[in-house]
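Note sheet for the following structure.
The values are calculated or read from the model by the stated rules, or taken from the named source; none is laboratory data. These figures come from a predicted structure and were not determined experimentally. Ideal geometry is used to build each Cβ from the backbone, glycine not excepted, and the neighbour counts take in all protein chains shown. To get the accessible areas, we keep the full protein, side chains included, count just its heavy atoms, and leave off ligands, DNA and RNA. Shrake-Rupley method; radii C 1.70, N 1.55, O 1.52, S 1.80 Å.
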Amino acid sequence: MSKSYNVFDWYWIVGGDGLQVYSSKLRDYVGVSDPAYLDWLADGTAATMIDTEHSLGGVMAVSNLLRPTPAGVLDGYTDALTLQIAQQPDFVLWVEVYQSVLALPNEAAVLSHIKTRL
């Protein structure tokens, strides 16, 4: 019997890579021969296929706020978190604060500034 999905202890095959999988528990890649991964597979649970690191970063940002390590996954993670911030009802107020305090010219510059600090 396979495991119930647990975003904090799951594996993803990114872009069809057959040599490594992303471990949410370790927040990094492991080889497909890693003993912990093989143990995890033993009950018939399969790793989830995902198209890109950027997409995986989005999954991590929405459901597992533990910051990923690989640059491509981290980029998707910070993009998704930045988008979540921009969708908050009072984001307009934050744009005004950032513009007045940091002299940032527009919303895009504010979002870029926020993303670099996530």
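Return the residues of the stretch 32-66 that are touching a strand residue (DSSP E or B) at 6+ places or on another chain (Cβ under 7 Å), in a loop (DSSP other than H, G, I, E, B) and under 11 Å from residue 10 (Cα atoms); say none if nothing qualifies.
The answer is 47, and nothing else.
Does residue 33 satisfy the criteria of being among the hydroxyl-bearing types (Ser, Thr, Tyr), under 27 Å from residue 3 (Cα atoms) and open to solvent by 80 Å² or more (accessible area, probe 1.4 Å)?
For residue 33, the condition - among the hydroxyl-bearing types (Ser, Thr, Tyr), under 27 Å from residue 3 (Cα atoms) and open to solvent by 80 Å² or more (accessible area, probe 1.4 Å) - is met.
Taking only the stretch 80-96 into account, find how many residues are among the aliphatic types (A, V, I, L, M), open to solvent by 70 Å² or more (accessible area, probe 1.4 Å) and farther than 24 Å from residue 55 by Cα.
Qualifying residue count, the stretch 80-96: 2.
Considering only the stretch 13-43, state which residues are among the small types (Gly, Ala, Ser) and under 14 Å from residue 60 (Cα atoms).
Selection gives 23, 24.
So is residue 52 among the polar types (S, T, N, Q) and either within 21 Å of residue 30 (Cα to Cα) or touching a His at 6+ places or on another chain (Cβ under 9 Å) (or both) or not?
In short, yes.
Yes or no: residue 66 over 16 Å from residue 17 (Cβ atoms) and in contact with a Pro (Cβ under 9 Å, 6 or more places away or on another chain)?
No, not satisfied.
Matching residues to (1) of a type outside the set (A, V, I, L, M, F, W, C); (2) closer than 17 Å to residue 115 by Cα:
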| residue | (1), (2) |
| --- | --- |
| 42 | no, no |
| 47 | no, no |
| 62 | no, yes |
| 68 | yes, yes |
| 77 | yes, yes |
| 81 | no, yes |
| 87 | yes, yes |
| 90 | yes, no |
| 98 | yes, yes |
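So which residues in the stretch 75-115 are in contact (Cβ under 8 Å) with a residue 24 or more places away in the chain and either outside any helix (DSSP H, G or I) or of a type in the set (Lys, Arg) (or both), if there are any at all?
115 - this is the single residue of the stretch 75-115 that is in contact (Cβ under 8 Å) with a residue 24 or more places away in the chain and either outside any helix (DSSP H, G or I) or of a type in the set (Lys, Arg) (or both).
Consider residue 91 against the criteria (1) over 16 Å from the mean Cα position of the chain (by Cα); (2) closer than 29 Å to residue 3 by Cβ: it satisfies all of them except one. Which criterion is unmet?
Condition (2) is where residue 91 drops out.
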